[in-house]
Every structure is written in C-alpha cells, then in structure tokens.
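Below is one structure, written out as structure tokens; the observations come after it.
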Amino acid sequence: MALLNNMSSLIGMLMQPDQNEESKQLANRAGVDTNDFAKIASIGLPLLLQGINRNNQSQTGLESFNQALNQHQTRNNYDSLNQFAQNVDVDDGGKIVNHVLSGNQENVNASLSNRLGVSPQTVQRTLAVLAPLVLKYLADQKQKNNLGPTEIKDETQNATQEVAQQVRNYNQTDQSSGGLLGNLLNSFGNNNQTNEKDDGLLGDLFNLFK
C-alpha cells in the first residue's frame, strides 16, 4: 500500500506540523519540537533526495539503491501514514542517513544547525526520522509503477525537483504571512552565504534554492 501519492503532499504535511497528526508523530519520534522539525524537514528532505541522486550517478550506487528499495517493499507495510509515523525505525534511519551522506554527516549537521538555529543533534535525529519515509515513498513508487533502476534514478531526480519547488513556494507564502519558516531559504539560495564547507552535497542542495 502506497502511503504517499506524491512528494508535494508530504511537504505540505511537514510544513504545517500543528495541523497534521502525522507530522506531530514524526517530530515525537525524533524527540524534536514540532517547529524545529518543520524547519529541518524543509531542508532535510531535499538534502536526502539530493544525496541519493549523487550516489545513483554510479552504476554500483544505483544497483545498491535499487536493492535497498526491494528490501523496503516488504518492510514497514503499514495501513496508514499515521501508523508509519508512530513506528518509524529511527535506528534504521540513522544508517540510511550515514550511507546517503557518505560519511559527511557531521559536517552536514553542523552546517544546517548553524543556518537553522538548532543543535546538530536535533538535525541528526530529524534526518534519521525522515530517511525511512523517503525510502518508503520511493519503494512504493517502484512497486506501484514497476520501475527498473534507470526509472528509479529518474523518479528520484523528479522528486528532488518537486520537493525543492514546493519548499520554495511554501517559503514565499510563509514569508509574506510572517509564519513559521519566514525567510528561511535566503541563506540557502544566496551565493555569498556558501563557503568551502558547502562544496559537494551541501553545495548541490543550495543550488536547488537559487
């Protein structure tokens, strides 16, 4: 059973934590304040997808990811997103994040912590909750549409762009209304804010918001 039809619906849910029980459950699993969870998720979701995209550029990485999705098709078969949120495997999520970030998790945690005004541990816990959700979505898409490795690569790239656009749209709306996220993306889309530490994955992430 597919828990999500598209990534846009997920962004809408995550960006309005006080209006969605699933988002509250995910924040609770991470042990994070719902507002902090929303801020980190708005950046963490495209970050994880972008990391998967980078890994999928090699044939070995793509085959490994395809196998991981096959495993997740038979795992976590919950009846609803709410049930999934209540039972998300944080330990498994931590392993996924470490693999996706290719050993750069400490730098990523520190960079996002600095920009979002939260602790590195809060970033780490939130990413560990988001990662299984990302894999579940892609595993469901693979099964639903019978996708092969090449199609999975395309699906992940499309999902990344979709999420980034939704975050931009939500940020603009929220900025004008003085809401939770406010002017969150300014530091991510501004070339002057990037530095040597933002090379690689973080540099790619910031480029999404230009």
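Quick check: anything in region 94-105 modelled with pLDDT of 90 or more and either surrounded by fewer than 15 Cβ atoms within 10 Å (Cβ to Cβ) or of a type in the set (Asp, Glu) (or both)?
yes
Please verify whether region 68-86 includes one or more residues that are at positive phi and touching a residue at least 40 places away in the same chain (Cβ under 8 Å).
So far as region 68-86 goes, yes, one or more of its residues are at positive phi and touching a residue at least 40 places away in the same chain (Cβ under 8 Å).
Among the helices (runs of 4 or more DSSP H) confined wholly to region 147-210, which include 1 or more residues that are modelled with pLDDT of 65 or more and surrounded by fewer than 13 Cβ atoms within 10 Å (Cβ to Cβ)?
Hits in region 147-210: 149-177.
Would you say Arg54 is assigned to a helix (DSSP H, G or I), under 20 Å from Asn107 (Cα atoms) and at pLDDT 90 or above?
yes
So Ala85 ticks every box in (1) assigned to a helix (DSSP H, G or I); (2) of a type in the set (Gly, Ala, Ser); (3) surrounded by fewer than 20 Cβ atoms within 10 Å (Cβ to Cβ) but one. Which box is left unticked?
With (1) assigned to a helix (DSSP H, G or I); (2) of a type in the set (Gly, Ala, Ser); (3) surrounded by fewer than 20 Cβ atoms within 10 Å (Cβ to Cβ) applied to Ala85, the lone miss is (3).
Considering only region 42-94, state which residues are β-branched (Val, Ile, Thr) and within 14 Å of Leu135 (Cα to Cα).
The answer is Ile52, Thr74, Val88, Val90.
For region 31-51, what are the residues that are of a type in the set (Ser, Thr, Tyr) and within 20 Å of Gln105 (Cα to Cα)?
Passing the criteria: only Ser42.
Out of Leu62, Leu49, report the one residue that is closer than 25 Å to Val118 by Cβ and surrounded by 15 or more Cβ atoms within 10 Å (Cβ to Cβ).
The unique qualifying residue is Leu49.
With the condition kept exactly as written, say whether any residue in region 119-132 is out of contact with any strand residue (DSSP E or B) (no Cβ under 6 Å at 6 or more places or on another chain) and either exposed (fewer than 15 other Cβ atoms within 10 Å of the Cβ) or in a loop (DSSP other than H, G, I, E, B) (or both).
yes
Between a first residue in region 122-138 that is touching a residue at least 24 places away in the same chain (Cβ under 8 Å) and a second residue that is outside any helix (DSSP H, G or I) and of a type in the set (S, T, N, Q), which pairs have beta carbons less than 8 Å apart while being 6 or more apart in sequence or on different chains?
Filtered contacts from region 122-138: Pro132/Asn76; Lys136/Asn76.
The values are calculated or read from the model by the stated rules, or taken from the named source; none is laboratory data. Keep in mind that what you see is a predicted model, and the values were worked out from it rather than measured. In this analysis, Cβ positions are derived from the backbone assuming ideal geometry, glycine residues included, and neighbour counts consider all displayed protein chains.
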